[in-house]
Amino acid sequence: MTTDRRLLGVALGLALIVSACSGSSATPSPSAAASQAPAASQAATSQAPAGSSSGPSMPALSLTPGAASDLEAMLPTTVGKVTFQKTSIDGSQLAGAGTPLDTSQMDPLLSKYGKSIADVRMAIATGTGGGAFPDMVYAIQLKGVPASEWASQLDTNASSSSSPTMTVGGKQVVGTSTGGMTSVYYTKDDILFLVIAPDADAAAIVQGLP
């Protein structure tokens, strides 16, 4: 069972960022997350080739409710046999974390739309119980700016020019479905969602998003 390594790299980096900012003692410190996020992305691209039966590893996450409860509420709680843990961070936590998300990636975007890091929020849900690899769902918000305008600027993989457009869970998304795994981006108003999960779970997750 395989998934798109590019999207997996993004997901691993975001998982490290959010788990560090959540303040859990079981996760890396913010400074460690900053240095590990690019490494996680690089490591993900060097995983076993398509068709390999071994799944990629995930950082150990211990998630607690965070600073954006309304974003968390948009993410799944259960899907089939999978139960999700959720957390979230706001711009003040991103700004203090020293992560790539609040500097090299976000700063040009914020400048373009006349926004500040205070206008950025992010939530994450990780689900276990369905298989060897956890389901992952992310929501990134840039307040007041349609996500369809900035998604590809944050990550080129979120663009239809870089990734296929398909229908998952009754919604138009951008990404891939390979080897039983679905990895897709979905935009709604000013929120960008990233879903990485087995096909059946991904369809239910996307269907349940706003």
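The values are calculated or read from the model by the stated rules, or taken from the named source; none is laboratory data. Because the structure is a prediction, the values reported are computed rather than measured. When we count neighbours, we look across all protein chains shown, and the Cβ atoms used for this are built from the backbone with ideal geometry, even at glycine.
Got a number for residues in the range 158-179 being closer than 22 Å to G80 by Cα, surrounded by fewer than 16 Cβ atoms within 10 Å (Cβ to Cβ) and touching a helix residue (DSSP H, G or I) at 6+ places or on another chain (Cβ under 6 Å)?
1
Against the condition of a type in the set (A, V, I, L, M), in a helix (DSSP H, G or I) and either surrounded by 19 or more Cβ atoms within 10 Å (Cβ to Cβ) or in contact with a Phe, Trp or Tyr (Cβ under 8 Å, 6 or more places away or on another chain) (or both), how does V137 come out, does it pass? Don't jump to the end; show me each part of the working.
Values: of a type in the set (A, V, I, L, M): yes; in a helix (DSSP H, G or I): no; either surrounded by 19 or more Cβ atoms within 10 Å (Cβ to Cβ) or in contact with a Phe, Trp or Tyr (Cβ under 8 Å, 6 or more places away or on another chain) (or both): yes.
The answer is no for V137.
List the residue pairs whose Cβ atoms are under 9 Å apart, where the first residue sits in the range 113-127 and is more than 15 Å from D90 (Cα to Cα), the second is of a type in the set (D, E, K, R) and assigned to a strand (DSSP E or B), and the two are 6 or more positions apart or on different chains.
A125/K86; A125/D135; T126/K86; T126/D135; G127/D135
Quick one: D155 ticks every box in (1) at pLDDT 95 or above; (2) touching a Phe, Trp or Tyr at 6+ places or on another chain (Cβ under 9 Å); (3) surrounded by fewer than 23 Cβ atoms within 10 Å (Cβ to Cβ) bar one, so which box is it?
Only one criterion in (1) at pLDDT 95 or above; (2) touching a Phe, Trp or Tyr at 6+ places or on another chain (Cβ under 9 Å); (3) surrounded by fewer than 23 Cβ atoms within 10 Å (Cβ to Cβ) is unmet by D155, namely (1).
Can you name the residue in the range 108-117 that is surrounded by fewer than 16 Cβ atoms within 10 Å (Cβ to Cβ) and either under 19 Å from the mean Cα position of the chain (by Cα) or part of a loop (DSSP other than H, G, I, E, B) (or both) and, of all such residues, is modelled with the highest pLDDT?
It comes out as G114.
Looking at the range 153-164, can you tell me whether even one residue there is under 16 Å from the mean Cα position of the chain (by Cα), of a type outside the set (V, I, T) and part of a strand (DSSP E or B)?
No - not one qualifying residue is present in the range 153-164.
Do we have any residue at all in the range 186-197 that's in contact with a Leu (Cβ under 9 Å, 6 or more places away or on another chain), within 16 Å of P146 (Cβ to Cβ), free of Cβ contacts under 8 Å to residues at least 40 places away in the same chain and in a strand (DSSP E or B)? Break it down stepwise before answering.
If we filter the range 186-197 for residues that are in contact with a Leu (Cβ under 9 Å, 6 or more places away or on another chain), which is where we start, we get 186, 188, 190-196.
Narrowing the set further to residues that are within 16 Å of P146 (Cβ to Cβ) leaves 186, 188, 190-193.
Imposing the further condition that a residue be free of Cβ contacts under 8 Å to residues at least 40 places away in the same chain reduces the set to 186.
Filter once more, so that each one left must be in a strand (DSSP E or B): 186.
Scanning the range 186-197, I find at least one residue that is in contact with a Leu (Cβ under 9 Å, 6 or more places away or on another chain), within 16 Å of P146 (Cβ to Cβ), free of Cβ contacts under 8 Å to residues at least 40 places away in the same chain and in a strand (DSSP E or B), so the answer is yes.
Select, from G144, G170, the only residue that is closer than 18 Å to L71 by Cβ, of a type in the set (G, A, S) and modelled with pLDDT of 95 or more.
G144
A132: closer than 26 Å to D199 by Cβ, modelled with pLDDT of 85 or more and either crowded, with 19+ Cβ neighbours inside 10 Å or not polar (S, T, N, Q) (or both), yes or no?
Values: closer than 26 Å to D199 by Cβ: yes; modelled with pLDDT of 85 or more: no; either crowded, with 19+ Cβ neighbours inside 10 Å or not polar (S, T, N, Q) (or both): yes.
For A132, the condition - closer than 26 Å to D199 by Cβ, modelled with pLDDT of 85 or more and either crowded, with 19+ Cβ neighbours inside 10 Å or not polar (S, T, N, Q) (or both) - is not met.
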